[in-house]
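Report on one structure; see the data block that follows.
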Amino acid sequence: MELSSLLHELHLSSSEKPLPSAPLPPITELLSRLQEKLIGVSSDSETSSLIGRVERLFQTADPDWLFSPASANEDGGQAALESAYGSLIGALIGCAALPLCEDDCGSLPVAAYQSVPSRAVPVCSALGALLGALGKWEEPGLLLSAVVPAVCVFTVTHFQDRAWTTSPSRAAARSLQEVLLRAGGWRDSAHLLVGGGSQREEEDGGKSRGILGGVLDVLQPQLAKDSWQRCEAVKLVFAWSLLQVTRPSLSPHLPRLLPPSLLLTDHYRPENCMLGVRCLHHIVLNTCVCVCVCVQPAADLRQFNRAEVVYQALFKHLYTTEAAVIQLVLSCLLDLLLVLETPPSSLTPSSARRKPCRHDDVLRLVLTHMEAENKVPMRRVYASVLPPLVDRMGVAVCRHLQRLQRVVLGYLEIKDPPEETNRLKVLEVLQKTTRAAWPRMEGRVNTLLRCLLRLLVDVSSDSQLDDSVRHELTNQTLSCIRLLDQGSGGPVQVSLVQTLLQQVDSSCCSPEVLCCLATVTTSSER
């Protein structure tokens, strides 16, 4: 009787009064009429009331009538059923759709999203009722795979903390996501997207797969070059989906994941560019292909010159002045360079002559920018990436010694309180350079040693430094002095080192530093 009354309230019953024995209409016909009503509703109150009745329909109706292809009463029952449910879910999601920006350059004000959260909550409840009923049905397989991608996109859109969500709407979306996972027997979001090894999949003979392909099918029309900026949520759902997928499941979808990531990276807004770079970095770290029992890292990324395209897209961002962007770009480039070429430091002595490579291009540009940079955040970003770059160069860093020396001298002279990150990183760079290129350091000992001694004096007399920072700076500086002392060849250089070290006395330096310098001097005399 309850279902008959509900159909009568929805004006979907052929009888004038709700009768217990009234025949139920074919489910595809009912879903089609429900879709028309949802699209045609004019006011928010009518929409909320209609969605509530749809929710009750899924809660009370017999699952065999709701989901059995036989109840479709049409040729090709399964396909018709999937199409009808897809259209209904599209209509429900459309009731809480985000407004679109009129052009592809602007953005909507927060007020434009004011009504979205209140409409999203009942839609989440109705979709949750549908998935709950479908999850309890004996054979949800094909139908579940058809409806889940659109629901997944909807939940990801609304459980993030954005201008179009509120605390109640985010809670409703998270609850819907939990129902979605239970309906398909998925462990978590990553398992939902890529599948693999669930109990339900074993029962289905391993035929079930993740829904990443379906999610990309839903997003693809909105990810075009001239339309992705019109809806704020599209890029966020795409990035969320991509970041859930790890190797080896990412490689088969690479042709569909790489273009939108490059599109985001190429945008002029820093937040979009950073999102794109994060996506590219995730792709670089998680792309591989298996050959027999061996795994070739990023083989798919090297195919069709994709890695070179990514490299060129990232390299041009090295000219940006945004510290947050440059930090992400450099981090991604360091991993991408390992895909494109063997680091110069890894080449054996018997290898052919070391030719300039992309590592040289990146290091040269970074050093050039470091020389002229005066913004503290940018200087810290550059200083943090310099040690691994120099480490990879090995003896090939000799090509950049003149520019590198200017950077070292400039960065050691400028304070960077309170943690002195820049100075510590540059001292690390100097140690790596001295170890790798010690035969070429003899002519630079005089200049570098004077700078290091000045640094020792400054550090020992700086009362604003924390003891731990002062101790670390002192130790690193003394390590550099020892390396330069050991690498200085010939009696002339040794005499010069001793002369410079002996010029420092108690009038300008602490007793602890003098004791350390005395040790270095004694070592030189031996």
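The values are calculated or read from the model by the stated rules, or taken from the named source; none is laboratory data. Not measured: the values here are computed from a predicted model. Here Cβ is always computed from backbone atoms with ideal geometry, including for glycine, and neighbour counts include all displayed protein chains. All accessible areas refer to the heavy atoms of the entire protein, side chains included, with ligands and DNA or RNA removed. Shrake-Rupley method; radii C 1.70, N 1.55, O 1.52, S 1.80 Å.
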Practice item. Give Cys105, Cys101 a once-over and let me know the one that is assigned to a loop (DSSP other than H, G, I, E, B) and either open to solvent by less than 50 Å² (accessible area, probe 1.4 Å) or at pLDDT 90 or above (or both). Key: Cys101
Review point. Just wondering, is there one or more residues in segment 243-265 that are over 27 Å from Gln303 (Cβ atoms) and not acidic (Asp, Glu)?
Key: no
Revision key, fill the gap. Scanning segment 324-346 for residues that are farther than 23 Å from Leu275 by Cα and assigned to a helix (DSSP H, G or I), the one modelled with the highest pLDDT turns out to be Pro344
Review point. For segment 432-453, what are the residues that are part of a helix (DSSP H, G or I) and open to solvent by less than 50 Å² (accessible area, probe 1.4 Å)?
Key: Thr433, Thr434, Ala436, Val445, Leu448, Leu449, Cys451, Leu452, Leu453
Point to revise | Neighbours by Cβ (under 8 Å, 6+ apart or cross-chain): first from segment 106-129, without any contact (Cβ under 8 Å) to a residue 12 or more places away in the chain; second not in a helix (DSSP H, G or I) | key: none
Study note, to complete from the structure: Residues in segment 196-212 that are open to solvent by less than 20 Å² (accessible area, probe 1.4 Å) and at pLDDT 85 or above total 2
Exercise for review: Could you tell me whether any residue of segment 347-368 is surrounded by 15 or more Cβ atoms within 10 Å (Cβ to Cβ), within 30 Å of the chain's Cα centre (by Cα) and not in a helix (DSSP H, G or I)?
Suggested key: yes
Exercise for review: Just give me the residues in segment 152-178 being under 14 Å from Ala239 (Cα atoms) and part of a loop (DSSP other than H, G, I, E, B), in sequence order.
Suggested key: Gln160
Exercise for review: Could you list, in sequence order, all residues of segment 259-272 that are surrounded by fewer than 21 Cβ atoms within 10 Å (Cβ to Cβ) and part of a helix (DSSP H, G or I)?
Suggested key: Pro259, Leu262, Leu263, Pro270, Glu271, Asn272
Exercise for review: Look at segment 37-48 and say how many of its residues are open to solvent by 50 Å² or more (accessible area, probe 1.4 Å) and either modelled with pLDDT of 90 or more or of a type in the set (Ser, Thr, Tyr) (or both).
Suggested key: 3
**Study point:** Qualifying residue in segment 179-187 (condition: part of a helix (DSSP H, G or I), among the small types (Gly, Ala, Ser) and surrounded by fewer than 18 Cβ atoms within 10 Å (Cβ to Cβ))
**Key:** no
Check your understanding: Going through segment 411-431 one residue at a time, which ones are open to solvent by 70 Å² or more (accessible area, probe 1.4 Å) and not basic (Lys, Arg)?
Key -> Glu413, Ile414, Pro417, Pro418, Glu419
Review point. Across segment 369-410, which residue is least open to solvent (accessible area, probe 1.4 Å) among those that are in contact with an Asp or Glu (Cβ under 8 Å, 6 or more places away or on another chain) and either among the charged types (D, E, K, R) or under 13 Å from Leu318 (Cβ atoms) (or both)?
Key: Tyr382
